[in-house]
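A short write-up of the structure that comes next.
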Amino acid sequence: MRAALTGIVASALTLLMTTTSALATDLRMTVWTGSEAHLKMLNGIAESFKARHPDVNVKFETVPVNDYTQKLTFQVAGGNPPDIAWMMEDAAPAFENANLLMDLGPTLKAAEGYDFADFSQPAMGLWQKGETVYGIPFSTSPFMIYYNKDMFDKAGLEDPLALAAKGEWNMTKFQQVAKKLTEANPGKWGFEFKDGEGYASRMTHALLPPIRAYGGDIWSNEECGFDKPEAVAAIKQLHDMVFKDKSIVPPGEQGDYFSGNSAMTVNQISRASKMAEAGFNWGIAPLPGGPGGESPVIGQAGLVVFDQGKNKEIAAEFVAHMTNKENVATMAQFFPPARKSVLEADAFISGNKLVPPEMMKNVAAAIANGRVHPAHEKAPQLLAAMAPRVDALWKADADVDQAIKGICSAIQPLL
Amino acid sequence: MTDSIHITRRGGQKSRLTLKAREMMEAWLFVSPTVIGFIIFFLGPLLAVAYYSLTEWNLLTQQATFVGLANFENALLENPDFWHVVRNSVIFALGLVPLNMALALTLALALSRPFRGVVFFRTVFFAPVVTSAIAWAIVWKFMLQGEGGFINQVLALVGISGPNWLREPNWAMAAVIITRVIKMVGLNMILYIAALQAIPRDYEEAARLEGASRRQIFSMITWPLLAPATLVIMVITTIGSFKVFDHIYQMTGGGPENGTLVLAFYIYQQGFKFFNVGYASTLAMIMFAIVMVLTLVQVALRRKGME
Amino acid sequence: MSLRQTRILYRACWTIALLIAAIPFIFPFIWMVSAGFKSVTEIFGAPSLIPRVWRWENFVEVFTYQPFARQYFNSLYIAILVTGLTLVISSLAGYALARMRFAGAALLMLFLISALMVPEEVTIIPNFFLMRWFGLVDTHWPLILLPTFGPQGVMATFLMRQYFLALPKELEEAGKMDGLTRFGVWWKIALPMSRPALAAVAIITFLHSWNLFLEPLIFVSSLEMFTLPLALSNFNDSYGLPLWNLQLAATSLAVVPILIVYLIAQRQIIESFALSGVKG
């Protein structure tokens, strides 16, 4: 007993020692994935970096995705920022404005064979200000409809992919289909919001695609968009679907698409890796269009280097290495690229092990035409200010117009 | 060092003063780890937070400016959220403290005398106390889900349509209070049992011989004698109710509609989610003041009651 | 009905009432373990305590989605270190406060008592900057230092002081006569006599550290560094998708060992808490 205790204490002490010391050539990079496949790929890229920099080790540190930005802030504010970090789109403006990020422009443009102009201009919007490059997007991933083919068959309905091919996949059809699916599959639902988190952490991800389909936006030019007629129409439709048709998983219920409890959901291509074990036939289709035309929504994530870092020059070179043509193509199996050359290459469309080419075509098209989620420096405050009003919206007896006005009056001062 | 003291004492030649001085030095050596740690990790930070509360300070940009009492003005006069949060904290305390103490006393009265099964019941009622608040909240959060939740499914069996507990502000507050009481009542129960067992049995026997009823014995003898314990328990429980954080964090995250956004959670949100270090420090100072005042009021009331 | 019969009836009524009252205290544990074996669909399906399909693999997958073993170890070694440090420091200070007369003792007591009243949330922000200054953010040090020296440590000091006060002085006097130093008296006489108080401090401190949440939430960021409560509150796959059944399996794995220890040593544990509340 005593020996065991001594052992534990001793190893604990060594642990404490080692975590605080660092070698000069170790680069620390925070990521939010813990997936073995992802880490294996990333480590491979780090290994290939050694060809030119044999003394540089890159260590990937997994920070859980839900609190990622906050934990990253703690590290930065705690005087212990990583050298390189994955960064979510909604966090980028705050970090850029706080002057925490290094300008990668000079390093990237000087890198051999890098071809900076190959990155599609719309995709760079969030990461570039004038000549300053704050980050490079490594994932430009559109929101897609995932559907459960078996449930569509059971209801005798054409699936979204077929409907989209005929140009009939719009918001009206979406509502009809969801209702029929719910009726044909008792105890299940027609549609689930992204990750089942549409009433909580992903509330804007739930609202944005339909609002865009109707031709609106959640906010733009420092002005709240929820109370514009297009957005109101979209929100009313969703509200009807949740509480009248009962075809969308309501608040407080679990209707996980991936376990076969909802016929459709919205998600990104990286989630296709989860489908292998799903146990039903499935497919990917574009988001339904609407009066506003087709308006794909893109979720982005970028690579940034922290200005405080001691090894920021090497770190920037690693970012250049990681986002060169070859490595972007490697990463494209999980993270859709923003490089035009890779996006247009056959390999991207036909080389995906999980998603057939006719579906990947839609993914590529969505990347080309899509717009990112509106960003804002005060994104966390905006979400927190919205949350209580959005809670009020998602009730059966809610006065939708009133709730929407509440959302706008809550966020307008912050915008 | 300690040896020399020993020698001095044996010799007995040195004056008493030196002996006293040595004893004092030794005593300070004994308490020095506690005192140093206390100053570094408690007193210093407490003074620092008082200063921070007068600044506007962004955690991300690390820029601080002195703004005087502006944060206090903002909280107390301008920001409607602040009073909403205080209201929530007060409701939480007003719901939790009496419920917890009444239940604790009832259980203690039932379990203070030995009978077959008493150990079993004490063990059961105390079990949630040793469980982590996060684990407890996780389990209850699942059981309180809308239609699919266990509680509502059981209610449905007897024909009651339960509310969507954690999605309706008032129900969510009630749910948070009740589950917290179940989690913590065992501690107060044990404290009451200890206090009850400290009351000499003769008092009660004497009263019974004089023909006092159970109720009379309780209100004339037991309850007054429990007063000191009641005070301690009330202070501990009240402070505990104001610092509840993990339970709320896991069960509701302050929602729905900010219905369970309490002070401790609000401080965390402002300081570490919105990076307003200055404003969060102001809130921390206000929380400090509230807890201090409440404690003093309770002590004073009790003292008055005893006179 | 005879007096005896009424008494039996009365007692039976009480026992039944207590049994009903006990349900919300025991049931969550049973539900937790049962749900830990279920699939997500079944957790939210018809209520039943016996899983239709026993998914033992839940308990294996817990370890693949997060470095759960490592997180378990983190919680364990931190709790042991905190407990050890607290025992030494609080018994030293408690002894001095109980047995030695020194200038400033009364003032020190007052300061320490006031510390018991202050919630940790009040000082957490300056402590964050303090740890940053020490370069200890994203290490386990804050999780060791803050509980040891914060209100929890102060509570332990009081508990020890009260216990030392109640001990008879004679043995210690005898020890002094035999030539023991103060330190020797503390170590060889006072400490061995105060085993129950030391055990109480150890139990309460260990559980407090084991269940700590706010401090890890703020000071620790990578999965490898997480402690158990933090890991449980954030049980998602790599994309942030909640893993409900694994979360419940992991929660069971975190809670059940503590419950077993509690059931074995329930008397000792309950008494420890009784000591802390009344004396503190």
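Going highest first, how would you order A:56-64, A:256-264, C:45-53 by mean Cβ packing within 10 Å?
A:256-264, A:56-64, C:45-53
Could you pull out every one of the lysines with an alpha carbon less than 18 Å from that of A:LYS325, ignoring same-chain neighbours closer than 8 positions?
By straight Cα distance, A:LYS325 reaches A:LYS50, A:LYS109, A:LYS340.
Arrange B:MET287, B:MET189, B:MET25 by Cβ neighbour counts within 10 Å, fewest through most, would you?
B:MET25, B:MET287, B:MET189
Describe numerically, in nm with one decimal, the distance between label points set 7 Å from Cα along Cα→Cβ at A:GLU344 and at A:ASP55.
4.2 nm
Helix by helix, which DSSP H runs in chain B go 20 Å or more along their axis at the Cα atoms and have an average Kyte-Doolittle hydropathy of 0.0 or more?
B:16-38, B:80-111, B:169-197, B:223-242, B:277-306
Which whole DSSP H helices in chain A pass both tests: a Cα extent of 24 Å or more along the axis and a mean Kyte-Doolittle value no lower than 1.0?
Helix filter hits for chain A: A:2-20.
Give the relative contact order (percent, whole number) for the range A:209-301; include only Cα pairs under 8 Å separated by 6+ residues.
34 percent.
Could you tell me the calculated FRET efficiency between C:ARG52 and B:ALA212, based on Cβ-Cβ distance and R0 = 45 angstrom, to the nearest 0.05?
Efficiency, rounded to the nearest 0.05: 0.20.
Straight-line reach from B:LYS20: which lysines have Cα under 30 Å away, leaving out those fewer than 8 places along the same chain?
Cross-link targets: C:LYS169, C:LYS176, C:LYS188, C:LYS279.
Roughly speaking, what is the stretch gain from A:ASP153 to A:GLU36, that is 0.36 nm per residue apart minus the C-alpha to C-alpha distance, in nm to one decimal?
38.7 nm
Using r as the Cβ-Cβ distance of A:ASN99 and A:GLU47, and R0 as 45 Å, what FRET efficiency do you calculate, to the nearest 0.05?
Computed FRET efficiency for A:ASN99 and A:GLU47: 0.85.
Taking the DSSP beta bridges in the protein assembly as shown as the whole, what percent of them are antiparallel, to the nearest 5?
In the protein assembly as shown, DSSP labels about 65 percent of beta bridges as antiparallel.
Quick check: residue separation of B:ARG113 and B:GLU205 times 0.36 nm, minus the Cα distance between them. What number comes out in nm?
That pair, B:ARG113 and B:GLU205, stretches by 31.7 nm at full extension.
Can you divide the C-alpha Rg of chain A by 2.2 N^0.38 Å and report the result to two decimal places?
This ratio for chain A stands at 1.05.
Quickly work out the B:ALA50-to-C:ILE26 label distance, labels modelled 7 Å from Cα along the C-beta direction, and quote it in nm with one decimal.
5.2 nm
What shape does chain B take by its C-alpha gyration tensor, where a ≥ b ≥ c are the square roots of the eigenvalues and a/c under 1.5 counts as rounded, a/b above b/c as prolate, and the rest as oblate?
oblate
Given contacts defined as C-alpha pairs under 8 Å and at least six residues apart, what's the relative contact order of chain A, whole-number percent?
Worked out over chain A, it gives 24 percent.
Based on DSSP, what percent of beta bridges with both residues in chain A are antiparallel, to the nearest 5?
Rounded to the nearest five, the antiparallel share is 65 percent.
Among the complete DSSP H segments of chain C, which ones combine at least 15 Å of alpha-carbon extent along their axis with a mean Kyte-Doolittle hydropathy of -1.0 or more?
Both cut-offs are met by C:3-36, C:68-99, C:105-117, C:120-134, C:151-166, C:195-210, C:244-264, C:266-279.
Roughly what would the spin-label model give for B:PHE120 and B:LEU225, points 7 Å off Cα along C-beta, in nm?
About 2.9 nm, to one decimal.
With a cut-off of 14 Å, note down the residues of the range A:163-200 whose backbone N falls inside the zone around a label point 7 Å from the Cα of A:ALA365 toward its beta carbon.
A:163-170
Given A:LYS395/B:LYS273; A:LYS194/A:LYS378; A:LYS180/A:LYS246; A:LYS179/A:LYS244; A:LYS188/A:LYS244; B:LYS141/B:LYS183, which pairs have Cα atoms separated by over 20 Å?
Pairs exceeding the cut-off: A:LYS395/B:LYS273; A:LYS194/A:LYS378.
Expressed as a rounded percentage, what relative contact order does the range C:64-279 have, with Cα pairs under 8 Å and six or more residues apart?
Reported as a whole number, the value is 35 percent.
Can you list, by residue number, the Cys in the protein assembly as shown that have no neighbouring cysteine C-beta under 4.7 Å?
Singleton cysteines: C:CYS13.
No value in this document is a laboratory result; all are computed from the given coordinates. Values in this document were obtained by computation on a predicted structure and should not be read as measured data. Here the Cβ is made from the backbone with ideal geometry for all residues, glycine too, and neighbour counts use every protein chain on show.
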